[in-house]
Amino acid sequence: MDHVAAPTTIPEIETLTDRREALEDIGQNCSTNPTMGDIINRRFSRRSFMAGSLAVAAISTTVSPLAILTADDARANGSLSSFDFTEIEAGVDETHHVAEGYDADILLRWGDKLFSDSPDFDPMNQTAAAQEKLFGYNNDYIGFIPLDGDPDHGLLVVNHEYTNAEIMFPKFATVVKEMKDGKEEEKVKLGDYTKELVDIEMAAHGGTIVEIRKVDGKWQPVLDGKYNRRLTATTEMQLSGPVAGHERVKTPSDPTGKKVFGTINNCAGGVTAWGTYVMAEENFNGYFGGEIAEDHPEFKQLKRLGAPGGTYEWSKFYDRFDVSKEPTEANRFGWIVEVDVINPTSVPKKRTALGRFKHEGAESVVSKDGRVVLYSGDDERFDYVYKFVTKAAFNPDDRAANMDILDEGTLYVAKFDADGTVEWMPLTQGEGPLTEANGFASQADVLINTRLASDALGATKMDRPEDIQPNPKTGKVYVMLTNNTKRKADQIDNANPRAENAFGHIIEITETDGDFASTKSKWDVLLKCGDPSVAEVGASFSTATTKNGWFGMPDNCAIDTDGRLWVSTDGNNEKDTGRTDGIWAVETEGDARGTSKLFFRVPVGAEMCGPSFNPTSDTFFVAVQHPGDAGLATFEAPATRWPDFKDDMPVRPAVLAITKQGGGKIG
Ligand code: FEO
Ligand code: CA
Ligand code: CA
Ligand code: CA
């Protein structure tokens, strides 16, 4: 079975590692095959005791000539590069690094004030009421929406994906010893949750909308900005589109099936052509607890989504997160949420026409005929790539006319054929196997059960689809596939060509005649990621890529105003790769295609998120997520105290604004 869902009861989860694994690693592979991580570990430990020429000789027997290419050699080939910056060294330390000649300034940290009446951040005495007026935790997606067309003044929209209780709450987590396989191991154990802590977590989730402005070359938040707003796991929202009002989304507290409270696990997202903020609800399953009987009509689809996942303990204090008590509440999460940022009291809308799964992102583009196309990956091993095409065309002259166009259209799932064709298969009730006899009595059933519908259509099982970015300049679309160590040798296909794919790859889709709405496209592999100097990895970076220039685990990406691709990563770490996550500039065209250069890297334990340019590409906004989350990190002993480096201040996720010294385009 490819899709083994999480247990239907909350397991006795005590340690943080167990919780994370429960969230991320729903598929289980019981084999003892070495993973690519093991192979890399072996290589790194080998390297550590080999010295001088012996090491070079030993390595070069297993490696392509590229392995010995130095940074200087590659820079000599720099004429190939369309990126004009000197790459930084990959590595791991307590702080962030950006290419020489650039400033990376902290713009907003967890706990920063967003309103003139926000309280001061007091990490030792946190409350939900204070958190609701402060910048949230674990910034992921960042979008910039200019005000009055000004590239130096606008609204920054930021997702707050999840919370790390162990490094967020004082005196909560402790390091404990535990026996595993006959060996004593140290682990971080969470304390006992209270309702107060859960309420702070809920208030730290969601998103932030904040006015920002460049003053004397430096970006600043505007504290009394009239559009400033926090969205949380309790903000009132509306279900709209085909699922709104359906029996399967009615709950004891909402007999209308239209009124939902909150949005959770907002990973990547997007900004539409009409200036709304779209947030993707990703691992929502982890917030649900309780048990659901195997013969319950919602059991099968919840299981396919790994719900209840039991990562958080919200269900102990709120019945709606307990599937035993309110089995349909989970059907109200896993959607794309659209927010009208120009009206701070607007009710955000969950656009159900775009399907329900672990939405990673929601980047959109206007097609040739004016219809809007929104791409979204379903981030799980062996899950799928989607696009949604609106029925109505975007109206550039009337913002109001666009406000509900995401409610009607066609959702497609991708089949990557071996001959390089992508077939976009419509998820439309009544077509093909999507019939009442197969459990799809209405379009609402197709959308609530999107994964099951896509299974029935025979969509291509991918290696964790994350951010998907259309390039409006070229008609191409970039699909980040993070990794999939569960793929076995007999499960590889042309679009997922590596077994035990530890480092992920990037697929480039070429939409037919540049028409993003087309239902048949072409695809190609742009990059197989990982260290190209380790032959077993099978990476495909160009030979001009230096030892700093390769990366693994592509997650988010952005296209700049010149149509160039920038990729951020999730999962590089000291243990496996000797480097942190960061942002790499990737060539996609001409002879340089497949060459990559390191521009920015995060402090230890962090993941790189949110890269987003302002409209003139002279500012690059980046999000440092879960810094300090490495090893046995607790509030009292994080792996770094970035970005404040003060003993009385916890490590804090933060958004940075990167600008070029003296001004000018990034890269
Ligand atoms: Fe939230 Fe798929 O990363
Ligand atoms: Ca992501
Ligand atoms: Ca993106
Ligand atoms: Ca991620």
Next item on the list: State all residues of the stretch 296-327 that are open to solvent by 20 Å² or more (accessible area, probe 1.4 Å), in contact with an Asp or Glu (Cβ under 7 Å, 6 or more places away or on another chain) and not basic (Lys, Arg); if no residue qualifies, say none.
Entry: 319, 324, 326, 327
Notebook entry, point to check: Assuming residue 525 fulfils every condition listed in (1) modelled with pLDDT of 95 or more; (2) of a type outside the set (Phe, Trp, Tyr); (3) in a loop (DSSP other than H, G, I, E, B); (4) open to solvent by 10 Å² or more (accessible area, probe 1.4 Å) apart from one, which condition is it?
Noted result: (3)
Next item on the list: Would you check if there is a residue in the stretch 277-294 being open to solvent by 40 Å² or more (accessible area, probe 1.4 Å) and assigned to a strand (DSSP E or B)?
Entry: no
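For every residue, the table says whether it meets (1) within 20 Å of residue 446 (Cβ to Cβ); (2) within 16 Å of ligand 4 (Cβ to nearest atom); (3) in contact with a strand residue (DSSP E or B) (Cβ under 6 Å, 6 or more places away or on another chain).
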position	(1), (2), (3)
283	no, yes, no
310	no, no, yes
323	no, no, no
332	yes, no, yes
377	yes, yes, yes
Check: Of (1) open to solvent by 10 Å² or more (accessible area, probe 1.4 Å); (2) outside any loop (DSSP other than H, G, I, E, B); (3) at negative phi; (4) more than 16 Å from ligand 2 (Cβ to nearest atom), residue 474 satisfies all except one. Which?
Finding: (2)
Check: Which residues, taken from the stretch 465-484, are more than 16 Å from ligand 4 (Cβ to nearest atom) and out of contact with any Leu (no Cβ under 8 Å at 6 or more places or on another chain)?
Finding: 470, 472, 473, 474, 475, 476, 477
Notebook entry, point to check: Do we find a residue being farther than 24 Å from residue 275 by Cβ, within 16 Å of ligand 2 (Cβ to nearest atom) and among the polar types (S, T, N, Q) anywhere in the stretch 609-621?
Noted result: no
Check: Given the conditions (1) outside any loop (DSSP other than H, G, I, E, B); (2) under 22 Å from residue 360 (Cα atoms); (3) open to solvent by less than 30 Å² (accessible area, probe 1.4 Å), and given that residue 605 satisfies all but one, which numbered condition is not satisfied?
Finding: (1)
Next item on the list: Just give me the residues in the stretch 328-383 being within 16 Å of ligand 2 (Cβ to nearest atom) and either without any contact (Cβ under 8 Å) to a residue 40 or more places away in the chain or not in a strand (DSSP E or B) (or both), in sequence order.
Entry: 334, 357, 358, 360, 361, 362, 379, 380
Next item on the list: Check 569, 616, 577, 634 and return the single one that is modelled with pLDDT under 95 and among the hydroxyl-bearing types (Ser, Thr, Tyr).
Entry: 577
Check: Among (1) touching a Leu at 6+ places or on another chain (Cβ under 8 Å); (2) more than 30 Å from residue 164 (Cα to Cα), where does residue 216 come up short?
Finding: (1)
Item checked: Unmet criterion (only one of (1) surrounded by fewer than 24 Cβ atoms within 10 Å (Cβ to Cβ); (2) outside any strand (DSSP E or B)) for residue 389 -> (2)
Next item on the list: Can you confirm whether the stretch 642-665 contains a residue that is more than 15 Å from ligand 3 (Cβ to nearest atom), touching a Leu at 6+ places or on another chain (Cβ under 9 Å), open to solvent by 10 Å² or more (accessible area, probe 1.4 Å) and part of a loop (DSSP other than H, G, I, E, B)?
Entry: yes
Notebook entry, point to check: What tally of residues in the stretch 89-141 results from selecting those that are in a strand (DSSP E or B), of a type in the set (Asp, Glu) and more than 16 Å from ligand 4 (Cβ to nearest atom)?
Noted result: 2
Next item on the list: With respect to residue 264, determine if the residue is touching a residue at least 60 places away in the same chain (Cβ under 8 Å), within 16 Å of ligand 2 (Cβ to nearest atom) and part of a loop (DSSP other than H, G, I, E, B).
Entry: yes
Next item on the list: Examine the stretch 615-632 for a residue that is touching a Leu at 6+ places or on another chain (Cβ under 8 Å), surrounded by fewer than 19 Cβ atoms within 10 Å (Cβ to Cβ) and touching a residue at least 24 places away in the same chain (Cβ under 8 Å), and state whether such a residue exists.
Entry: no
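The values are calculated or read from the model by the stated rules, or taken from the named source; none is laboratory data. It should be emphasised that the depicted structure is a prediction, and the values quoted were computed from it without experimental measurement. Don't worry about glycine lacking a Cβ; one is built from the backbone with ideal geometry, like all the others, and counts go over all protein chains shown. What goes into the accessible areas is simple: the full protein's heavy atoms, side chains included, and nothing from ligands, DNA or RNA. Shrake-Rupley method; radii C 1.70, N 1.55, O 1.52, S 1.80 Å.
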